Amino acid sequence: MVGIRKRKVKFWVAVAAFLISAAADFIITYIGTPDLKHESNPIVSVYGFGWGAMLTANLVIFVMYAVLAYYTFIRFERSVIQCGGFRQYYSILCFGRPGSFMRTLYKMPSNKDYWRYMMACTGYIFTVLFPVFRLIAIIEWIGIITNSHIARIYFDFLGSLRFITPLGRFDMLLTGALSVLVLCVYWFYREYAVNKKSIRSGTKTGGAA
């Protein structure tokens, strides 16, 4: 009962983090550029849409975010995998047998159980990165609005990496891609650690941590 309550709290914290960061981002953006002339969001800067499109896109993203967060923190149940180390654990998770770790680097996993884990991992990554990247955008806007010396140094340091692509600012995309990789590896290592603990305690299944 305590475990379920803790998982629900994590879910609602994740939802609140998204809503608060999104609201703060919209407010600071409106203060900084009410006509969206200086907005780098590709919906505006590349495709030429306005506030309505940004609100609609954020609503769609929020629904996806909430569904993934719900699955990750409430619905996801672990299977205990008997293994001798992380390589065996990940190999069994991907292909249902040990000794296939190198295949995980170039072959699509065939074990259906893997995709449950991958969905939970995706939810974890979403709940970490979306509020964090919103916070970065808010801090950047505060620096621009106040004409901060630190902000000018920051933007000068990024230099040419700040160009706009159809998917957004290149520096943010690059940072996001590296963050996804790091968080994905961290999540699976964490799951392996929980799995090892479950083997020692004799637990058969368990929810998300």
query = Among Arg103, Arg78, which is without any contact (Cβ under 8 Å) to a residue 60 or more places away in the chain and basic (Lys, Arg)?
reply = Arg103
request  = Evaluate the following for Ile92: is it assigned to a helix (DSSP H, G or I), more than 18 Å from Ser198 (Cβ to Cβ) and among the aliphatic types (A, V, I, L, M)?
outcome  = no
task = State whether one or more residues within the range 83-91 are farther than 30 Å from Ala22 by Cα, out of contact with any Phe, Trp or Tyr (no Cβ under 8 Å at 6 or more places or on another chain) and modelled with pLDDT under 95.
result = yes
inquiry  = Checking the structure you have, find out if any residue of the range 124-138 is of a type in the set (Gly, Ala, Ser) and touching a residue at least 60 places away in the same chain (Cβ under 8 Å).
reply    = yes
key: Number of the condition not met by Met119 [criteria: (1) in contact with a strand residue (DSSP E or B) (Cβ under 8 Å, 6 or more places away or on another chain); (2) surrounded by 15 or more Cβ atoms within 10 Å (Cβ to Cβ); (3) within 28 Å of Asn58 (Cβ to Cβ)]   = (1)
ask   = Can you spot a residue in the range 58-78 that is in contact with a Gly (Cβ under 7 Å, 6 or more places away or on another chain), in a loop (DSSP other than H, G, I, E, B) and buried (at least 16 other Cβ atoms within 10 Å of the Cβ)?
value = yes
request  = Quick one: count up the residues across the range 21-48 that are farther than 20 Å from Ser148 by Cα, under 22 Å from the mean Cα position of the chain (by Cα) and in contact (Cβ under 8 Å) with a residue 40 or more places away in the chain.
outcome  = 4
message = I'd like to verify a number: residues in the range 1-23 that are more than 21 Å from Ala120 (Cβ to Cβ) and crowded, with 16+ Cβ neighbours inside 10 Å, how many?
response = 2
inquiry  = Looking at the range 150-203 only, could you name the residues that are more than 24 Å from Val80 (Cα to Cα), at pLDDT below 75 and not in a helix (DSSP H, G or I)?
reply    = Phe163, Ile164, Thr165, Pro166, Leu167, Gly168
key: Residue identified as over 26 Å from Phe170 (Cβ atoms) and among the hydrophobic types (A, V, I, L, M, F, W, C) among Phe11, Phe49   = Phe11
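The values are calculated or read from the model by the stated rules, or taken from the named source; none is laboratory data. Predicted model, so just to flag it, every value in this text is computed and none were measured. Because the Cβ atoms are built from the backbone with ideal geometry, glycine has one as well, and the counts that use them run over all protein chains shown.
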